[in-house]
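Read the structure below first, then the notes.
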Amino acid sequence: MNKTVAHIIILFLVFITTTTFAQKSKVKGYRIEGDEIVFSFDKRDYKKVTNNNFGAEKDFEDIDINSVVVAGEFNNWSLKKWRMIKISENSYELRKKIEDFTDEFSWEFKFVINNYYWAEPSRDVVNISRATKNGKKLNVYNLNFTTAYVDENGNATFKLKGFKNAHNVILSGTFNKWNEDYFNMVPTDDGWELTLQLKPGEYEYKFIVDGKWMEDPSNNLKKRNEFDGYNSVIKIYKWVTFHLKTNLNAKKVILSGSFNDWDENKYRMIKTENGWEYTLKLFGGKYHYKFIVDDYWMVDPDNPVKEFDYDGNINSVCIVK
Amino acid sequence: MNNCLSQIYFENMPKTKIILILFLSFINATSFASDIDKLVFPKAEILNKYTARIPFKLIDHLIVVEANVLNKKGNFIIDTGSQNLILNKVHFPSQYGHNKKRVETTGVLNSLDNPLQKKLSEFNLLHFSLKDKNSDIIDLSHIEKSKKMHLLGIIGYSILKDYEIFIDLYLNQITLTKVDKNGNKLDPKVYLEKIVDSIDFKLKKHTIVVNGSINSQNLKLGLDTAAEFNQINKSVNKKVLKHFVPKKRINLAGASNKQIEVLAGNLHRLKLSKTVYLGPMKTILTNLSKMQEAFGVQLDGILGYEFFKYKRTIINYQKEKLYFINYPLITQ
């Protein structure tokens, strides 16, 4: 075989393997289950450890694990406090309520072995950011989590076509306070991609391609920003079910509200054993609504939240957040 | 701004031209002032000439509304702990001088494409005229940096005091309704939800001070919509601190942009009246004696975001009363 062709094939193979490998990179160190955050440590994920005293890296295999602790901004990087529970030969877990983290500004963390060694996350992990000390970037990385988080099954997929030659592409936006490290996009066949789980609402975002900020070229929804440029905008919806438990004898019940411009026909509610219901997707925000029961308008009898409209009529109010 | 321009031309111009320029600049200044003297909330629902509902977003624990002022669009923090309207020096260099100019506002807005803003011109009584308000121009860039937001300023007591204010962390909106000098609402139809309780407060300078007690020790507490954390003074009676359960040390960036380490935990069993009491609230232990100047009164603690999270609260400055509306138990 011609040497150049061989080189090209090898390069091509290398490219494929690195791409697929990168696609496999995942969120490490935690998962969200209901209202709990579960910190999870699997020793097979870590190859190196360091310690605080400018110590050199050490191989993970050389250490006998006696204890694993979660240390982060939420507990002032304590090497002892948040001890994890061993759940199998290789893995450790610690469960915390998500709401306990709402009073923090950011959530960087790391695992500590034997109250002494920092387990260094692999550079392929999605949720890592450069560790800093006194404002200076260190040569190690921390794990991190935010209320917006990377999740393959999440509700918001961001795609950037092209830019195959870029070294890295970051997704940054109001969902993570414009952090420039957290959300590394993953290379795909035709560009870059990342899926997040976001709460319903409206978010502004941009891509950072090798340090250069850009709007999402495939998204026409934009907002002017303070730098005389534009941010791309994404709206996240949520499925909401409206119930009416009374009026079971009615012939038809219509759901009408600010979400469908007070249409009097479109959302016909479905009769169930427990009453009437209708499910629709709504973006984050406040909505006024009413039921039309056999042509008679009524507020939701089970919802105490009501407001006047511009003409002094009374509507039921629902909030999606 | 127009005045500055005319002064530059002033020296080298024939007299007629000077008069013309002065005349033009006067016209410009007048029409300009009619616009700039207003604080307009583009996303507000203006119900009638007395009542508006303004949606807010939470940036961390700060209540932030969108507003247009002085031809700029951006965010304002709603802050009952602040005495005046504060404009961010970064965006409003002092030559704007809107508070020096005494020009009658006409209430006529330029024709606008936004239907909500058009609506506003019909109800111009509700516009927030800035011409009689004190405003301070202060550098707020440290808040912009730490919160990564475009901050035009802070809306404080001097603007809010003419209204009854419903701060609703359930619907994420603030309802402002005009009151007379006795605090009676001019709009009879404002709230539909039941007011379940109320307490009195004392207005000390611009600060809302409520009396509370923990472990039968009386406390004077300030109510501050822009306090991201409840605070309790280190020097309160030890009996009170028995009900403060510390959980962790955290770092905070203070108003001066200095990092301080504080003890955070839960404050239990706060009573504000025989019927109004609060469950454990996340609170930080701080030294409040230095804050006396800012609040104009010596306080034992500050109730902020965490309080509003538990209580949907209506503030009436004239009646010196707080009213509470329950969170609904059901959601659709």
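The values are calculated or read from the model by the stated rules, or taken from the named source; none is laboratory data. Bear in mind the structure is a predicted one, so any value in this text is a computation, not a measurement. Heads up, the Cβs are rebuilt from the backbone with ideal geometry, glycines too, and the neighbour counts pull from every protein chain shown.
Remarks
- Selection count, the range B:184-203, where residues are in a loop (DSSP other than H, G, I, E, B), within 14 Å of another protein chain (Cβ to nearest Cβ) and among the hydrophobic types (A, V, I, L, M, F, W, C): 2
For (1) farther than 20 Å from A:ARG123 by Cα; (2) surrounded by 16 or more Cβ atoms within 10 Å (Cβ to Cβ); (3) in contact (Cβ under 8 Å) with a residue 40 or more places away in the chain, each residue gets a yes or a no:
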residue: A:ASN153; (1), (2), (3): yes, no, yes
residue: A:ALA156; (1), (2), (3): yes, yes, yes
residue: A:LEU160; (1), (2), (3): yes, yes, yes
residue: A:HIS167; (1), (2), (3): no, no, yes
residue: A:TRP178; (1), (2), (3): yes, yes, no
residue: A:MET185; (1), (2), (3): no, yes, no
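- Single residue of A:ASP302, A:ASP295 found to be at pLDDT below 95 and more than 9 Å from chain B (Cβ to nearest Cβ): A:ASP295
- Residue tally, condition assigned to a loop (DSSP other than H, G, I, E, B), of a type outside the set (D, E, K, R) and over 25 Å from B:ILE59 (Cα atoms), over the range B:297-332: 8
Residue-wise test of (1) at pLDDT below 80; (2) surrounded by fewer than 21 Cβ atoms within 10 Å (Cβ to Cβ).
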position: B:LEU70; (1), (2): yes, yes
position: B:GLY74; (1), (2): no, yes
position: B:THR80; (1), (2): no, no
position: B:LEU85; (1), (2): no, no
position: B:ASN99; (1), (2): yes, yes
position: B:ARG102; (1), (2): yes, yes
position: B:GLY107; (1), (2): yes, yes
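- Selection status of A:SER218, part of a strand (DSSP E or B), more than 28 Å from B:ASP168 (Cβ to Cβ) and in the same structural domain as A:SER172 (by TED's automatic domain parsing): no
- For A:PRO200: the one exception among (1) more than 13 Å from the chain's Cα centre (by Cα); (2) closer than 28 Å to B:GLU144 by Cα: (1)
- Within the range A:305-321, the set of residues being within 8 Å of chain B (Cβ to nearest Cβ) and without any contact (Cβ under 8 Å) to a residue 12 or more places away in the chain comprises A:LYS306, A:PHE308, A:TYR310, A:GLY312.
- Residue in the range A:209-225 that is farthest from A:PHE283 (Cα to Cα), counting only those that are within 22 Å of the chain's Cα centre (by Cα) and within 14 Å of another protein chain (Cβ to nearest Cβ): A:TRP213
- Lone qualifier among B:LYS161, B:LYS181, B:LYS234, B:LYS239 - being at pLDDT below 95, closer than 30 Å to B:ALA52 by Cα, loosely packed, with under 15 Cβ neighbours inside 10 Å and away from every other protein chain (no Cβ under 14 Å): B:LYS181
- When the range B:211-228 is filtered for residues that are under 19 Å from B:PHE76 (Cα atoms) and part of a loop (DSSP other than H, G, I, E, B), the ones remaining, listed by number, are B:ASP224, B:THR225, B:ALA226, B:ALA227, B:GLU228.
- Taken over the range A:185-197, residues that are within 12 Å of the chain's Cα centre (by Cα) and polar (S, T, N, Q) amount to 2.
- Looking only at the range B:199-252, residues that are within 27 Å of B:ILE143 (Cα to Cα) and among the basic types (Lys, Arg) come to 6 in all.
- Pairs with Cβ under 6 Å, 6+ apart, first in the range A:284-299 and free of Cβ contacts under 8 Å to residues at least 40 places away in the same chain and closer than 21 Å to A:LYS238 by Cβ, second in a strand (DSSP E or B) and not aliphatic (A, V, I, L, M): A:TYR287/A:GLY257; A:TYR287/A:CYS318; A:HIS288/A:GLY257; A:HIS288/A:ASN315; A:LYS290/A:SER256; A:LYS290/A:TRP297; A:LYS290/A:ASN315
- Residue match in the range A:48-62 (condition: within 14 Å of chain B (Cβ to nearest Cβ) and surrounded by 11 or more Cβ atoms within 10 Å (Cβ to Cβ)): no
For every residue, the table says whether it meets (1) assigned by TED's automatic domain parsing to the domain that holds B:HIS206; (2) modelled with pLDDT of 95 or more; (3) under 18 Å from B:ALA226 (Cβ atoms).
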{"site": "B:LYS274", "(1), (2), (3)": "yes, no, no"}
{"site": "B:PRO280", "(1), (2), (3)": "yes, no, no"}
{"site": "B:THR286", "(1), (2), (3)": "yes, no, yes"}
{"site": "B:PHE295", "(1), (2), (3)": "yes, no, yes"}
{"site": "B:ASP300", "(1), (2), (3)": "yes, no, no"}
{"site": "B:GLY304", "(1), (2), (3)": "yes, no, yes"}
{"site": "B:LYS309", "(1), (2), (3)": "yes, no, yes"}
{"site": "B:THR313", "(1), (2), (3)": "yes, yes, yes"}
{"site": "B:THR331", "(1), (2), (3)": "no, no, no"}
